[in-house]
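The values are calculated or read from the model by the stated rules, or taken from the named source; none is laboratory data. Owing to the predicted nature of the structure, the values given are computational and were not obtained by experimental measurement. Neighbour counts run over all protein chains shown; Cβ positions are idealised from the backbone, glycine included. For the accessible areas, the whole protein counts, side chains as well, though only heavy atoms, and no ligand, DNA or RNA atoms are used. Shrake-Rupley method; radii C 1.70, N 1.55, O 1.52, S 1.80 Å.
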Amino acid sequence: MSSEPAGASDRPGSALTWSWPIDAAAYDCRPLRDAELAALRALDIDEIRRCGLVGHAPVLRPVARLVRPLADAQDALHRLRGEADRRRHARDAAGLLLLRSGELHRTFWAWSTQDWIDLIQVEGAEFRRSWGGQIGPNARPFIIAYAYLLAGFTAFDRIGRFHRPGLAQRVFGPDPVDEAVGQVCGQLSDWGYRSRPEKLTAATCHVLLLNRSPLLRDLSGDILDTACTTAGYLGKVLHGIHRAAAALGHVDPPSPPQHGGLAEMEGVAGTWQASVERWYATSTLTPKIRTSYRRVLAKIGRWLAAEHPDITEPAHWTRQTCACWVAALDRMRIGDYNQWNKGLGGRQGQPFSAETKSGYLAATRTFFRDLHEWEWIPRRFDPALALRTPRSVLALLGPDPRVIADDIWAKLLWAGLNLDPTDLPTSDNRTYPVELIRAITLAWLFAGQRSDEIARFRIGCIRWQHEGIPIPSDSDDVLAQDAVCLLEVPTHKTGTMFTKPVDPLVGKAIEAWQAVRPEQPPILDSKTNDYVHFLFAYRARRVSKQYINDTIIPMLCRKAGVPTADLRGNITSHRARSTIATQLYNAKEPMTLFELQEWLGHLDPSSTQHYAKITPKTLSKAYQDAGYFSRNVRTIEVLVDRDAVTSGEAANGQPWQYYDLGHGFCTYTFFEQCPHRMACARCDFYTPKNSSKGQLLEAKENLQRMLANVPLTEDEQAAVDDGQAALDRLLERLVDVPAPDGATPREIGVPATATLLPIVAVNQGKHDRS
């Protein structure tokens, strides 16, 4: 285990000494005698007030052995001398202990924890209602002090709120308490905590009271672990106190938090649970994955207990059991076979998603595969086949990076580049400095990394280069216009640490945060299992990977005036990665797929393909450039003789519609179906333009000109694209194909060279005549 920073542990130790003020062995702790019990039951609080805690007073002489420790404890309490009111409250508290001893028929040394709690009460108001007369709630703190000194009472979590610093200073004295609190709060202040806040002071005193010593050098890790379970509302700051005590050289650093904890399995056969726990202790998967798989296996155990009670251990599973589990899982709903359903809300009763089904089956396969390989159970089936994900589920799976729309992304970029202190989120006094928030925000907007990788950036992750030469950190060229900013990405999901170029804005923001970042202790990196100095650490804690989703993105959406969700779902940290990759792939000078793979840190180029989406704008331009419509359709001009239509000649079979071929006109009504339309055979439906009929037609005044689209066949398209050679081949294939009048080109006897004139192609409003 790596040690804490050397500078913190080298601080000079305190010269203060302290010893317990009460010697319990000096007192007579035997049970009450009858005479003592009678004397206690005859006492009242007013008599005790009048005589004080003087053992030789007539009313107190029979119980002098009980009065003496109370008087000694009162004398041991600090800040009482010269303070008449506090001494009176302390005497009232001692009197209540004597009266309650008479009620319980036993000395206060023999009281149980619950007996003390019943006397102290949870609130001062309840305490006041329990005792009439002149006794007020101010006597309650002194009862807690007597309980602590004489009976070792530390059940602070069961008596509600009370002033822990006041109790610590009464018991230990103000000087040692102030010194201990000052050292802890001073270290925490260096890490970014507020200077000596009330909550930190109360939590530190809570730890000192549990340790029964005001000296930090007497602390132990066990006491700090116990404090977390008894501190109540103060528990949130105990992690920082533990780290401060470790940095001061008094205890070991706190253990890293466990993923989700290990709840006791309920409703599961004992042999099944034993097998699961044995697998959990043996598996080499990461703690997070092992804990997740353990929950799935616990659910399987409850399913077995309900549906197959005869199957109580993994060795009983067969291929049929696997088929039953796969079928049951496919129909399972959220909340089924759960140990508890707290927090499900409206999701309870909804079907499992395809991802959940696949994950459950993966956990089951891993469990039985390991048990087979370790030879803990006989091989009765192949987990890869018997527990494979059904095809219907696989069809719904697959990577689906969701790109954020360009207009929304542009607004988020604007919001991130224009952050100011008024935009900062605040929650429970945990406001991060604006430099830290700005650095995280720009890293999310420009670096294209996963949220856990951003949270695990390390100090010094930014380097600058100029024309391939590293720039020293103190050089004036750092901000040169052509300087390249390089980012060191830590070990990540699919690979080891790598370096990538990022926008200089990211480097400048990170350097601005590093300049004001308070010194932090090294923190365990659960990915690499070593202690490192995280870049985004504050108050001795690393910023959570959920901070981007829970705080940064909502803040940017509020500033940009956009919703936190769009048609593709919630705007999450990972969607920025897909958006940036897509924009780099569709840029004016785009990255290649392999360049983008290196920039994203993917191990397999197929993963990059899921991120490198072609935008609709790029796709539209490519489609337009491909000319699908103009490639497969040609426009031809049609002349309509309106005189022939209005006079009735068209009804009698006379031509009225003329397709302009450039060199002549075709009067065939079904021109688009004629196989010779691209290479006219000049049958009886053909009228040359230089003929008298053609010239007469063009000279008509009541002539309407129209455009008609004619689709092209593959051979005709080849003639358009490839030119004369393709057209010659087309003519050869059509030489024996009948024209609309029934005769073939061979029969008509038109030379091939005379038929090389294509139809009129009108594109974009212009006539392209051959």
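Taking the stretch 556-582 as the range and being over 17 Å from Ile440 (Cβ atoms), open to solvent by 10 Å² or more (accessible area, probe 1.4 Å) and over 16 Å from the mean Cα position of the chain (by Cα) as the test, the residues that pass are Gly561, Val562, Pro563, Asp566, Leu567, Arg568. If I filter the stretch 287-338 down to residues being more than 25 Å from the chain's Cα centre (by Cα) and of a type in the set (S, T, N, Q), which single residue comes out as farthest from Arg380 (Cα to Cα)? Looking at residues that are more than 25 Å from the chain's Cα centre (by Cα) and of a type in the set (S, T, N, Q), I get Thr312.
Only one of the listed residues (Ile437, Ile454, Ile459) is out of contact with any Asp or Glu (no Cβ under 8 Å at 6 or more places or on another chain), surrounded by fewer than 22 Cβ atoms within 10 Å (Cβ to Cβ) and either modelled with pLDDT of 90 or more or among the β-branched types (Val, Ile, Thr) (or both). That residue is Ile459. Based on this model, can you work out whether Thr431 counts as hydroxyl-bearing (Ser, Thr, Tyr), on the phi < 0 side of the Ramachandran plot and part of a loop (DSSP other than H, G, I, E, B)? Yes: the conditions hold for Thr431. Hey, any hits in the stretch 116-133 for a residue that's modelled with pLDDT of 90 or more and either open to solvent by 20 Å² or more (accessible area, probe 1.4 Å) or in a loop (DSSP other than H, G, I, E, B) (or both)? Yes, the stretch 116-133 contains a residue that is modelled with pLDDT of 90 or more and either open to solvent by 20 Å² or more (accessible area, probe 1.4 Å) or in a loop (DSSP other than H, G, I, E, B) (or both).
Among the candidates Ala139, Ala147, single out the residue that is more than 47 Å from the chain's Cα centre (by Cα), small (Gly, Ala, Ser) and open to solvent by less than 10 Å² (accessible area, probe 1.4 Å). Spell out the reasoning first.
Working: Ala147 fails: more than 47 Å from the chain's Cα centre (by Cα).
On inspection, the qualifying residue turns out to be Ala139.
At pLDDT 80 or above and more than 30 Å from Phe172 (Cα to Cα): does that describe Thr201? For Thr201, the condition - at pLDDT 80 or above and more than 30 Å from Phe172 (Cα to Cα) - is not met.
Kindly indicate whether Asp525 is open to solvent by less than 20 Å² (accessible area, probe 1.4 Å) and among the acidic types (Asp, Glu). Lay out the reasoning, then the answer.
Values: open to solvent by less than 20 Å² (accessible area, probe 1.4 Å): yes; among the acidic types (Asp, Glu): yes.
Here the answer is yes, as Asp525 does meet what is asked.
Residues to consider are Ala269, Ala281, Ala263, Ala274; find the one that is within 25 Å of the chain's Cα centre (by Cα), of a type in the set (A, V, I, L, M) and farther than 30 Å from Gln169 by Cα. Steps first, answer last, please.
Working: Ala269 fails: within 25 Å of the chain's Cα centre (by Cα); Ala281 fails: within 25 Å of the chain's Cα centre (by Cα); Ala274 fails: within 25 Å of the chain's Cα centre (by Cα).
Of Ala269, Ala281, Ala263, Ala274, the one residue that is within 25 Å of the chain's Cα centre (by Cα), of a type in the set (A, V, I, L, M) and farther than 30 Å from Gln169 by Cα is Ala263.
Within this structure, Gly335 passes the test of being modelled with pLDDT under 90, open to solvent by less than 40 Å² (accessible area, probe 1.4 Å) and outside any helix (DSSP H, G or I).
Kindly list the number of the only condition in (1) in a helix (DSSP H, G or I); (2) closer than 18 Å to Thr499 by Cα; (3) out of contact with any Leu (no Cβ under 7 Å at 6 or more places or on another chain); (4) touching a residue at least 24 places away in the same chain (Cβ under 8 Å) that fails for Thr608. Only one criterion in (1) in a helix (DSSP H, G or I); (2) closer than 18 Å to Thr499 by Cα; (3) out of contact with any Leu (no Cβ under 7 Å at 6 or more places or on another chain); (4) touching a residue at least 24 places away in the same chain (Cβ under 8 Å) is unmet by Thr608, namely (3).
Are any residues in the stretch 260-319 part of a loop (DSSP other than H, G, I, E, B), open to solvent by 60 Å² or more (accessible area, probe 1.4 Å), out of contact with any helix residue (DSSP H, G or I) (no Cβ under 6 Å at 6 or more places or on another chain) and over 16 Å from Arg369 (Cα atoms), and if so, which ones? Within the stretch 260-319, Leu262, Glu264, Glu266, Thr286, Pro309, Asp310 qualify.
Which one of these is surrounded by fewer than 18 Cβ atoms within 10 Å (Cβ to Cβ) and within 23 Å of Glu519 (Cβ to Cβ): Gly152, Gly182, Gly166?
On the way: Gly152 fails: within 23 Å of Glu519 (Cβ to Cβ); Gly166 fails: within 23 Å of Glu519 (Cβ to Cβ).
Residue meeting the stated conditions: Gly182.
When we screen Ala15, Ala8, Ala38, Ala25 for residues that are assigned to a helix (DSSP H, G or I), modelled with pLDDT under 80, over 12 Å from Leu98 (Cβ atoms) and not β-branched (Val, Ile, Thr), the only hit is Ala8. Here Val403 passes the criteria (1) under 30 Å from Ala560 (Cα atoms); (2) touching an Asp or Glu at 6+ places or on another chain (Cβ under 9 Å); (3) surrounded by 15 or more Cβ atoms within 10 Å (Cβ to Cβ) except the one numbered (2).
Name the one entry in Arg333, Arg302 that is touching a residue at least 24 places away in the same chain (Cβ under 8 Å) and among the basic types (Lys, Arg). If you could, list the steps in order and put the result at the bottom.
Working: Arg333 fails: touching a residue at least 24 places away in the same chain (Cβ under 8 Å).
Arg302 is the lone residue from the list that is touching a residue at least 24 places away in the same chain (Cβ under 8 Å) and among the basic types (Lys, Arg).
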